[in-house]
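The next block holds one structure in the form of C-alpha cells; read it before the comments.
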Amino acid sequence: VSDLTPELLSVAVETPRHTAVGTLLDYHHGQRLPAGTLVQVPLGRREVPGLVWDRPADPAPRPATVRAVAQVLDALPPLDADWRSLVDFAAAYYQRGVGELALAVLPPELRRLDATQLARRLGRLPAAADAAPAAPPRPLLNEEQQAALQALQAEVESAAAAGRAPAPLLLHGVTGSGKTEVYLHAAESVLAAGRQALVLVPEINLTPQLEARFAARFPGRVLVSLHSGLTPAQRLRHWLLAHLGRAELVLGTRLAVFASLPRLGLVVVDEEHDPSFKQQEGARYSARDLAVWRAHRQRVPVLLGSATPALETWQRVQEGRYRRLPLEQRIGGGAMPRVRLVDMGRLPRPGPGQERALAPALLAALHERLARGEQSLLLLNRRGYAPVLHCGACSWKSGCPHCSAWRVFHKGDRTLRCHHCGFTERVPRACPECGNLDIAPVGRGTEKLAEQLAQLLPGARIGRIDADTTRGVGRLAQELAAVHAGEVDVLVGTQMVAKGHDFRRITLVAAVNPDAALFSSDFRAPERLFALLMQAGGRAGRDAAQAAASEMWIQTWHPQHPLFAALARHDYAAFAAQQLAERRAAGMPPFAALALLRADARTPETAAGFLQAAQDAAAALPEAAGVTLYPPVPPPVARVADVERMQMLLESPSRAALQRLLTAWLPSLHALRAGHKGLLRWAVDVDPLAI
Ligand SMILES: [Zn+2]
Ligand SMILES: [Zn+2]
C-alpha cells in the first residue's frame, strides 16, 4: 500500500453538528475508495466508524494533520448513491450533521464490528431465495381495490413515459376497507419484477400481524422486519439482507425508511397520518415525509394509506400533487358504526357527592351488549386512577416537585406517579400541608373507569389496556388475546387500543371524555382526535352480521362542534375542509412552514436568555427576511425532572426561506452557547408536531 500515492478521502463521522469539528473530515488512504464504503478512522484518541462520502470535507475548522484510514470494511458493499442522497437530504433538511445521521441510522452492531467479524457475519447470511413457490390463492378484489391497483399501474406507466417520478398515491379508506390487500397486490408485481418493497407501519405492535400476512402471501420470499424491538444481532442481520438485496420485502417502523435497498421498487406508508412516524429526539425526521422524498428521487411509486390522512397530505391531494384512490366500502359488507352524541349538558345533575361516569342511555346500551354476549370498548385517553389528588381544606394538590405537572393517583399500588419524570411516592394518608385526612381524587383515568364499570355492570368481565397494564414483554399480546378469546365483556383503554387491532366482536365503542382536545392549545389536537375516534369507531362493525347493531357513542359537552358533526357522518372531507380553512386563516401548516428552537436549562431565565440571544442573531441575518421569529415561551409542561424548558417558534409561508435561515443561523449557535452558563442543551425541530 505504501508505494501508492495516498488519496485524500472525505469521511462522514459521527460528530454532532454545531460542535467545533465538522462532520465530513479528510483522511488519507493508499488508494481511492468508492463512496459509501464503511471504514474505521481515528478521531481524537478514539477509533470511530465512518463512511466514505462523495463531497469534499467541511471547509473549517480543519485538523492540522490529515490522518490515515485505520481499517476498510470492504466486505460490505458500499452504500449506494440513492442511500447517500437520502441521508444528505435528511441531514440538511432536519439540520443535523451528515455523519451523525448516517451512522445513527445504521444498525448499532455494524458500527462495532471489525473487518473479520463483519466478513464472518456476512458469510452466515442465507442466500437469496431461489424461484419462489407459487403464491397461495388470493382473495378476490372488489371494484375499488381493482381500480386503485389500476390507477397505481397507470400512474407508474405514465410517469415512466414522461420521464418523471410517479405522483404519491393516497389510499384513502376506513378500517376494514381492504388497504392491506392493495399493498399485497402492489408488492406482488414489484417482487415479480425482481425489485424490493418497503412497507412502513407506525408501531412495533402492528408489525407481527402484518408480517404474518405478508409471509403467508409470499412463501419462500425473504421478508425482514426492521424496528427497535429487535436484538442488535437480528437488526444487523435484517439490515444486511436488505442491503445485499436478498430481502425482497422490508417491513418496519420509522427507522426502516433509512434501510439500504439497492433494488427499491415500491414504498408503502400505512396509517401515514400517525404521529409515531416523527422521530422525537436526535434528528427529528418524519419517516412519512422522507419516504415520499425517497420514492420521488428514485422514481418509484409510494402508497400512503389512511382513513384520516394528515392534513398536509390531504392538502396536497387538493392541490393535485398527490392522487387519491378511494376505498369506501368495508370488506365483507361491514358498515361504519352509527354515531350517537350524548349531550352531557342536558343530563340531570348527579346528586351531591355523586359523579357520573356514563350517561344513563350509554349504560343501558352497555347492558344490552352484555345481554347479547357482545363486546364493548370504552375509550378514555388518560391512564391511572385520577389525574390529581386534592385537599378540600387547604387546596393542596398532588404536584410533582420536579415538574410543572400533577402527579397521577394510581390506586392499584397506592402511588402518586409523575408521568413526565417518573417520580413516584406512596400516597400520603393525610394532606401533607394541613394534615386533613380527607384528600380526594379529582377527575377520572382508566383505572377508575374500570372500577366504576365493575360496580355499574355487576358480573361483567371488565378488561383494561393502557401503558400501565401492558408494561413488560408480551403483556399487550396477552391482553389482546384475552379480548379476542371473548374473556372480556367491556374493555377500557387509552388510544393504544384504537390502533390497528382487529376486534371482531366489538359492537359498541364509546369515547367517554374526548372534549379536552377540542380546546387544546395544540393546533393539531382536533386532527388527532378525529383520527382517533374514526379509528376507534372502525373497531366496531367489521363483521356484516354485527354491522347493523354497531354504534359509536360520544359523551360531550359540545355536541354542536363541527368535529363531531363530521364524525357522525363519517365525513373526513368535511372535517378536513373546516380544519384547513382554520389553518389557512391562522397561517399554520400546511400553509406555513414551522421550526422550533428548544432550550433546556436549570432556570427559565437561562433558557429564555439563550433563545433571545439566538433570536437577535437570527434577526440580524439577511436570510431572516420573510421568516417570523416569535418570542421565547415555555411549552405546556415547562419543567420536567428539574429541567426548565423554553422554546421559540419560527414561521414562514416559504419552506425554502425557512430552510435558508436555519442553515445560515444554526452554526452560529454553537459559539453563542458558550456565553450562556447553565444551558444544558439546545435542539432544533423542523416541522414540529406540537408547538
Ligand atoms: Zn390540606
Ligand atoms: Zn415529575
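The values are calculated or read from the model by the stated rules, or taken from the named source; none is laboratory data. All values derive from a computational prediction rather than experimental measurement. Cβ: placed from backbone, ideal geometry, glycine included. Neighbour counts: every protein chain shown. To get the accessible areas, we keep the full protein, side chains included, count just its heavy atoms, and leave off ligands, DNA and RNA. Shrake-Rupley method; radii C 1.70, N 1.55, O 1.52, S 1.80 Å.
Report, to the nearest 10°, how far helix 143-162 tilts away from the longest principal axis of the Cα atoms in the chain, using its own Cα long axis and a range of 0 to 90°. For 143-162 against the chain, the angle is about 20 degrees. Calculate how steeply helix 287-297 sits against the longest principal axis of the alpha-carbon atoms of the chain, using the helix alpha-carbon long axis, and give the answer as 0 to 90 degrees to the nearest 10. Roughly 40 degrees between the two axes.
Among the protein heavy atoms of the chain, carbon and sulfur supply 53% of the accessible surface, probe 1.4 Å, non-protein parts ignored. Expressed to the nearest 5 percent, the antiparallel share of DSSP beta bridges inside the chain is 50 percent. Probing with 1.4 Å while keeping every protein chain in the model, the per residue accessible area of the range 441-488 equals 46 Å². Dividing the convex hull volume of the alpha-carbon atoms in the range 288-334 by its residue count gives 91 Å³ per residue. Quick check on the range 101-228: take the gyration tensor over C-alpha atoms, sort the square-rooted eigenvalues as a ≥ b ≥ c, and tell me if it's rounded (a/c under 1.5), prolate or oblate. Here the range 101-228 falls in the prolate category.
Here, the range 601-691 is characterised by an Rg to Rh ratio of 0.96, where Rg is the alpha-carbon radius of gyration and Rh the Kirkwood radius. Rg over Rh for the range 186-292 works out to 0.94, using Cα positions for both radii and the Kirkwood form for Rh.
A simple packing score, the average count of other Cβ atoms within 10 Å per residue, orders the peptides 622-630, 171-179 as 171-179, 622-630, with the highest score first. With a ≥ b ≥ c the root eigenvalues of the C-alpha gyration tensor of the range 474-585, is it rounded (a/c under 1.5), prolate (a/b larger than b/c) or oblate? Prolate, since a/c reaches 1.5 and a/b exceeds b/c.
Take 584-594, 186-196 and order them by the average number of nearby Cβ atoms within 10 Å per residue, most first; the result is 186-196, 584-594.
How far is helix 655-674 tilted, in degrees, relative to the longest principal axis of the Cα atoms in the chain, given as a value from 0 to 90 rounded to the nearest 10? The angle comes out near 80 degrees.
Of the residues Ala601, Ala586, Ala568, the one whose Cα sits farthest toward the positive end of the charge dipole of the range 555-627, with +1 on the Cβ of Lys and Arg and -1 on the Cβ of Asp and Glu, is Ala568.
Put Leu244, Leu380, Leu8 in order of accessible area, highest first, and with a 1.4 Å probe you get Leu8, Leu244, Leu380. Across the chain, the mean sequence separation of Cα contacts (distance under 8 Å, 6 or more residues apart), normalised by length, yields a relative contact order of 12 percent. Taking all protein chains as they are arranged and a probe of 1.4 Å, the heavy atoms of Cys418 leave approximately 0 Å² accessible to solvent. With contacts taken as Cα pairs under 8 Å at a separation of at least 6 residues, the range 326-421 carries a relative contact order of 14 percent.
Charge dipole (Cα centre; +1 on Lys/Arg Cβ, -1 on Asp/Glu Cβ; no other charges) of the range 180-299 amounts to roughly 520 debye. The listed residues Lys278, Lys677, Lys397, Lys499, once ranked by accessible area (1.4 Å probe) with the largest placed first, stand as Lys677, Lys397, Lys499, Lys278. Here the chain is treated as a sphere whose radius is the Kirkwood value from Cα pairs; by Stokes-Einstein at 4 °C and 1.567 mPa s it diffuses with a coefficient of 47 µm²/s.
Annotation: average projected area of the range 335-479 is 11.7 square nanometres, based on the convex hull of Cα atoms across all directions.
Mean sequence separation of contacting Cα pairs (under 8 Å, at least six apart), scaled by the length of the range 582-691, corresponds to a relative contact order of 42 percent. Using a simple spin-label model with pseudo-atoms 7 Å out from Cα toward Cβ, Arg299 and Val643 lie 4.6 nm apart. The largest accessible area among Arg645, Arg294 belongs to the first residue in Arg645, Arg294, and the rest follow in falling order (1.4 Å probe, all chains). Here the dipole of the chain is about 700 debye; that uses its Cα centre as origin and unit charges on the Cβ of Lys and Arg (positive) and Asp and Glu (negative). When +1 charges are put on Lys and Arg Cβ atoms and -1 charges on Asp and Glu Cβ atoms, the dipole computed for the range 322-406 relative to its Cα centre reaches about 260 debye.
Per-residue ellipticity at 222 nm from helix content only, as computed over the chain with -39500 (n - 2.57) for each DSSP H run of at least four residues, stands at -9500 deg cm²/dmol. Taken over the C-alpha atoms, the range 344-389 has Rg and Dmax values of 13.5, 38 angstrom.
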